[in-house]
Each structure stands twice: as C-alpha cells, then as structure tokens.
Amino acid sequence: MVNKNESCRTSPSPILFFLLLSVICVLARKEDLYRLIDKDLTCDSLSIIHSFTVHSLSNCATACKLKSSCGMFAVNHVYNNASVTEHKPKKNIQLTCVLCKSNNLTSVVENKGWSIYMKWLKEARFHILDTDNKSSAPDISPLEVWHIDCNNPEITTKKNGAIIGIWDDKDEFRDLDKVKCFNWDASGLFSEKPSRLLYIYLEDYRQCPKDYVLTAITASNAAFRNVDNGKCTPLRAPFHIDYENCVTVNSEGRDGGSVDKWRPWRVQCPTAGPQVAVSLHRRRRIHTGLKCCVLKGLTIE
C-alpha cells in the first residue's frame, strides 16, 4: 500500500513483506473486527489520520488495525456485505482508504460513493424497543422487568443490556417512540445487587450511582410523553464506567432520522468505546438528551 503522507517501510525482500502482509490480512479476516456502518458517509476532515491508495478493502482494514489511534475507516468503493469479508486484491483497481480517529464516530459527513467501517466487537448486539402503549405506573419496582427494559427476556437470555439511544419521530422529544439497547452477548454485565430507581421526573439531571448504568425507563403516559423513572443496574467486575470519558448527547433539533439498529441514531451514545447511558435528562417535560460514559471491561485492558 502507498501512503500519501508517509511512505511505508518495506523490508529488503518485497516477497517477504507481502507474505507477512498476507498473514496479517488472514488474521484480520478471522477476527472480523470491522463492520459496515453506512454507505455514502465518510469521516470529516478533522477526524482524518491518513489517506492513501490501496487495492483491496482488507488492505485498508489491516492498516486501521495496525494504527492504534484508528477506530474506523472509509473507502470510496461500496461493498454490499455488512462486515469486512472481501480480501482478494483487485488488479487494476485503486481505492482511496481514509483512516479516522476512534473518538470521532459522530464526526461523519455525507459523501456519495463512500462507505464507512468501524472497529467492532463481535459479541455486541443492538435491539430496538417500541414504546407504543407500554406505559407503566410511576412507582414501578426496579426489581421487576419493565416494558421498556434492555434486559427483557424477550430480547436477551442474559442480563447484559443497557440503553444507548432514544428516538422521537417529530415532536421534538416531548415523547419517546423508540429506545435502542446495547447488549453484550458474551456474558452477563451485572452483579446480584439490586437495581435502583432514577427519578427522572425531578428534572434535576441526576444520574445513576457509581458503576450503575441506565437499563430501563418507564412513563405513566400511554404515549410515553413523560418518562418518570429509570432503572439503574449495577455492573459486576471487571466491568466499570470510565467517568473521565463521558459526553451528553443533546436532543434539540434531532428528532426523526434513521431507526436502523446498526446506524447511529441522532440521539445515541457514541459507539466507539462503547459508551452507554448513565442518565436520561428531562427539562420542562422535554427529554433533552442522554449522558453517556465509556463502558470498560469488555476487552482485556
């Protein structure tokens, strides 16, 4: 591969170099670390680490894998698959590969003909919960399974889910129509300690206790017009929250948009990290956003 910004160092034997590169590509294929996030998108100019020419998608994936600061990459050639599985070099075809910073997942721009891929954990799953006619009493117990609950047995057999996104069709988040869950398929995330209530209706922007995450919400209104309470569930070791890496995702002007489970919603915790919600903010009966923090412990640190 040729880097426009800095030349790749090759060994004295080009054959040995390409054999080594082939081995690396095989490992990348086995681990399948990258997933297609969306078409017609690329990262913005502030997020670009390097831009160079390659002859296959796997060359770009390998370059991102070897760059510790790279969390996603974009290529100007669209593959229809959902993850990086195309590895045969294409003769006489040149693709532009753009490596992007890992902490700028939301810094993407539309660019027709491009596709953006992101580092991914194979054990990660997303689920979407519809709120229609699923209200509950405001004094519901945190020990019960709620209607809008990322650990509902209807979507998971393990206690492994946390809220990461909210969606409203057109009412400026006066109500909530859908909720997105992140589920860690490899194991349960939570300890045996009881969950606690988060009093969202107080509108004071309080958040879950230390190393608790937001896993469920409830509203007394049938249209989910006012979220009253949240359920905060305690993580078990080695899982914990990195409070040095948190962000508040505001909802103002962000109703509508995609509800595809693989594509980032307009009000969603950044997927890089990944981040999960520790609070749902409400002010004057408008759901103003999510506070999200990095969930640590999913991989060996």
With (1) part of a strand (DSSP E or B); (2) surrounded by fewer than 21 Cβ atoms within 10 Å (Cβ to Cβ); (3) of a type in the set (A, V, I, L, M) as the list, and Val259 as the residue in question, which single condition is left unmet? (1)
Members of the range 214-252 found to be in a loop (DSSP other than H, G, I, E, B) and touching a His at 6+ places or on another chain (Cβ under 8 Å), listed by number: Ser251
From Gly165, Gly188, grab the single residue that is over 15 Å from Ser279 (Cα atoms) and in contact with a Lys or Arg (Cβ under 6 Å, 6 or more places away or on another chain). Gly188
Taking the condition of being in contact with an Asp or Glu (Cβ under 9 Å, 6 or more places away or on another chain) and either of a type in the set (Val, Ile, Thr) or under 25 Å from Ser220 (Cα atoms) (or both), how many residues in the range 156-173 meet it? 10
Please determine whether any residue of the range 76-83 is surrounded by 20 or more Cβ atoms within 10 Å (Cβ to Cβ) and either modelled with pLDDT of 80 or more or in contact with a Lys or Arg (Cβ under 8 Å, 6 or more places away or on another chain) (or both). no
Kindly indicate whether Cys246 is within 17 Å of the chain's Cα centre (by Cα) and crowded, with 18+ Cβ neighbours inside 10 Å. no
Filtering the range 86-131 down to residues that are over 21 Å from the mean Cα position of the chain (by Cα), at pLDDT below 80 and of a type in the set (Val, Ile, Thr) yields Ile93
Among the residues of the range 201-230, write down those that are of a type in the set (A, V, I, L, M), within 13 Å of Ile140 (Cα to Cα) and at pLDDT 95 or above. Ala216, Ile217
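The values are calculated or read from the model by the stated rules, or taken from the named source; none is laboratory data. These figures come from a predicted structure and were not determined experimentally. Here Cβ is always computed from backbone atoms with ideal geometry, including for glycine, and neighbour counts include all displayed protein chains.
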